[in-house]
1. Limited to the range B:55-88, what total is found for residues that are part of a loop (DSSP other than H, G, I, E, B) and in contact with a strand residue (DSSP E or B) (Cβ under 9 Å, 6 or more places away or on another chain)?
2. Could you check, for the range B:241-259, whether at least one of its residues is away from chain A (no Cβ under 14 Å), within 22 Å of B:THR336 (Cα to Cα) and touching a residue at least 60 places away in the same chain (Cβ under 8 Å)?
3. Test B:VAL391 against the stated conditions and say whether it is away from every other protein chain (no Cβ under 14 Å), within 30 Å of B:TYR151 (Cα to Cα) and not small (Gly, Ala, Ser).
4. Need the failing condition index for B:THR52 against (1) assigned to a helix (DSSP H, G or I); (2) closer than 30 Å to B:ARG108 by Cβ; (3) among the polar types (S, T, N, Q), just the number.
5. Against the conditions (1) away from chain B (no Cβ under 11 Å); (2) under 23 Å from A:THR34 (Cα atoms); (3) outside any helix (DSSP H, G or I); (4) aliphatic (A, V, I, L, M), where does A:LEU172 fall short? Just the number, please.
6. Does B:LYS103 satisfy the condition of being under 30 Å from B:GLU392 (Cα atoms), surrounded by 10 or more Cβ atoms within 10 Å (Cβ to Cβ), free of Cβ contacts under 8 Å to residues at least 60 places away in the same chain and in contact with a helix residue (DSSP H, G or I) (Cβ under 9 Å, 6 or more places away or on another chain)?
7. Go over the candidates B:VAL182, B:VAL135 one by one and state the one that is touching a residue at least 24 places away in the same chain (Cβ under 8 Å), part of a strand (DSSP E or B) and crowded, with 20+ Cβ neighbours inside 10 Å.
Amino acid sequence: MNKVKISAKNIDVFYGDKQALFDVSMDMYEKEVTALIGPSGCGKSTFLRCINRMNDVIDICSVKGNVSIDGHDIYDKSIRVESLRENVGMVFQKPNPFPKSIYENIAYGPRIHGMANSKTDIDEIVANSLQKAALFDEVKDRLHQPGTGLSGGQQQRLCIARAISVNPEIILMDEPCSALDPIATAKIEELMNELKKEFTIIIVTHSMQQAARVSTNTGFFHLGKLIEVDSTDTIFSNPGNQKTQDYITGRFG
Amino acid sequence: MFDASANLKKRLKSERRFQIFCITAISFALIFVLILFLNIFSSGYSAFYKTTIAIDVDYSQVIEDTTQFAAMSDDEINKLDLFRFSKKSIYSLFPDIEDRKEKKLLIRIFSIEYEDEIKQFLIKNKENIKKIETVYLTASDDVDQVRKGNYPRDLPEERRRIKDIQLEYYDILENNGRVKYVFNIPFLTRGDSREPELAGVGGSIVGSFLTIITVLILSFPIGILAAVYLQEFAKSNRFTDFIEININNLAAVPSIVFGLLGLGIILNVFGLPRSTPLVGGIVLSLMTLPTIIIATRASLRAVPPSIREGALAVGATKMQAVMHHVVPLAMPGALTGTIIGLAQALGETAPLLLIGMVAFVVDVPSSPLDASASLPVQVYLWAESAERGYVEKTSATIMLLLGFLILLNLTAVLIRRKFETKW
């Protein structure tokens with residue numbers, strides 16, 4: 001087993017008065033895919049957004065507890081959320097490329113972080129990121145056309161390339177395939193298998209088959225609580241908790 | 001089976017009735033607009049033309065050798081006293097007139113600036129002045145209106161401004177082919193005047209333009225920044241709610257109140273020069289600001305949150321996410337709002353009356369600190385003047401104002417169409 005990359009301890013999340021997560025503690029391992037499953041509204045996306053502090057954007061949201069990456073507490077006052085997000089990329093449920101060219105979509109991150117000094121550097125990062133996202137061959141002749149003109153699956157891979165462009169160590173994926181057709185979904189899953197050699201991936205998914213196909217470890221959330229976390233094989237063949245058993249066999253959810 | 005039931009027939013009938021109501025309403029609106037436009041156009045188009053009368057000017061009576069004019073500077077020519085000479089040139093149209101009174105009446109069929117017009121002709125053509133030149137002089141307003149058919153000839157003489165003998169002179173001149181009806185360029189370039197035939201809208205066009213530019217410079221940056229801050233950065237609390245309510249209220253404040261504010265604060269406390277486009281622009285900015293802020297906020301709100309999240313997720317600061325992604329996407333909406341606000345400001349009269357832009361200004365302003373009129377105020381000023389010539393000029397000014405407004409609104413529509421983002 002790889003070393004622990006992300007460690008969450010006793011996470012409580014509140015939206016105003018409403019508590020969305022109850023005392024969640026979970027470890028996620030380096031260069032593996034960890035899947036978070038559970039019925040709608042169970043808090044798995046909320047938990048995911050704690051890892052790159054995207055919850056900070058929401059005024060009424062407050063997070064208690066401790067999340068550390070490589071042993072550094074990311075909620076510490078000395079941590080700048082911008083550099084955290086540089087290291088923890090995110091791909092959203094609905095593809096959200098900027099309404100700019102494919103090239104600009106990817107060049108944006110490296111530019112604002114000052115990662116490239118010349119146009120050739122940026123060209124290289126763009127080509128590299130697109131290659132890693134398995135999109136380069138499809139778009140290499142139209143890099144300067146709008147990213148919003150691509151198909152849904154291509155847009156999502158463009159968003160993955162955008163996340164990769166700033167060299168993160170972790171990529172968070174929030175139901176990345178829920179808006180895609182099965183073929184595009186298969187492509188993204190294939191891509192995840194490639195990417196996990198280089199990145200730590202946390203994926204929230206509704207599809208249990210997808211979790212079973214791509215992940216090494218799986219956590220099952222229900223009503224804001226982490227019910228069970230174990231290796232994916234165990235969760236799907238021999239879960240320790242009755243609720244997990246009920247969920248994966250389709251009794252509810 | 002598929003026959004219409006009684007119930008369906010009733011529903012269809014009510015639908016037809018509804019459509020008839022709608023079409024009637026639209027037709028009414030269109031008819032009124034049409035009547036308005038026809039009325040303004042029919043009484044206003046003639047202001048773009050003026051009557052001129054040719055006289056023969058013997059410039060050799062000023063200087064024997066007319067080639068010497070070429071050596072004179074414009075200033076020197078302007079300083080020449082050509083008053084008697086000009087009068088004599090006009091008398092030469094009817095050399096038989098001896099009576100002084102009749103001579104005076106003859107002079108009066110021309111605009112009072114005949115001496116200047118004779119000089120300007122000289123300046124313009126000084127390189128090759130012939131001994132005797134034909135110069136077209138602007139006719140007086142009375143003659144102009146007779147030519148345009150606005151002046152009933154069959155009224156008894158004592159109820160007319162133009163005398164029988166003047167009409168006689170005019171008819172003779174017309175029969176001799178000395179009357180020419182030309183495009184009235186000075187109407188578009190000159191300032192106001194007490195003589196209707198010499199009055200122009202140039203001063204008010206420039207005044208309105210300077211005012212609008214002032215409004216744009218002041219309200220666009222302030223409006224955009226305020227909207228961006230309120231929409232994207234400000235935490236929602238009682239204070240920001242209070243500001244938001246007040247901005248919405250500001251948009252509904254009667255414009256004359258802003259005029260009072262301008263008079264009380266900008267003129268009396270800050271002591272800025274009255275009647276100027278600068279002050280007009282400041283006052284109108286107060287009116288335009290809420291329009292810009294509300295429109296910009298609406299278009300910022302329309303940018304999907306996923307764009308902000310996308311930028312934040314690659315590590316952009318909040319300001320970068322807003323400035324690089326959200327604001328550019330909201331810009332078309334903000335620009336449209338700005339242009340509509342400017343169009344409102346362009347047509348606004350009441351606040352300008354209070355800050356003194358209603359003054360009679362002859363000179364065309366050359367900076368926002370010069371006293372000036374503006375188009376809507378010019379309409380107001382001329383609408384209450386008695387002379388027939390101002391009636392057509394009022395309508396012509398309205399035509400110009402409407403033209404500029406249509407142009408502005410068209411620009412807004414085009415911008416919206418061109419830059420509309422499709423998600």
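The values are calculated or read from the model by the stated rules, or taken from the named source; none is laboratory data. Note that the structure is a prediction, hence the values are computed from the model and not measured. Cβ sites come from the backbone with ideal geometry, for glycine too, and all protein chains shown count toward neighbours.
1. Result for the range B:55-88: 0.
2. yes
3. yes
4. The one condition B:THR52 does not meet is (1).
5. Evaluating A:LEU172 over (1) away from chain B (no Cβ under 11 Å); (2) under 23 Å from A:THR34 (Cα atoms); (3) outside any helix (DSSP H, G or I); (4) aliphatic (A, V, I, L, M) leaves (1) as the failure.
6. yes
7. B:VAL135
Listed here are the residues, each with its yes/no results for (1) of a type in the set (A, V, I, L, M, F, W, C); (2) assigned to a helix (DSSP H, G or I); (3) at pLDDT 95 or above; (4) surrounded by fewer than 17 Cβ atoms within 10 Å (Cβ to Cβ).
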residue	(1), (2), (3), (4)
B:HIS325	no, yes, no, no
B:PRO332	no, yes, no, no
B:LEU335	yes, yes, no, no
B:VAL361	yes, no, no, no
B:PRO365	no, no, no, no
B:ALA371	yes, no, no, no
B:ARG417	no, yes, no, yes
B:TRP423	yes, no, no, yes
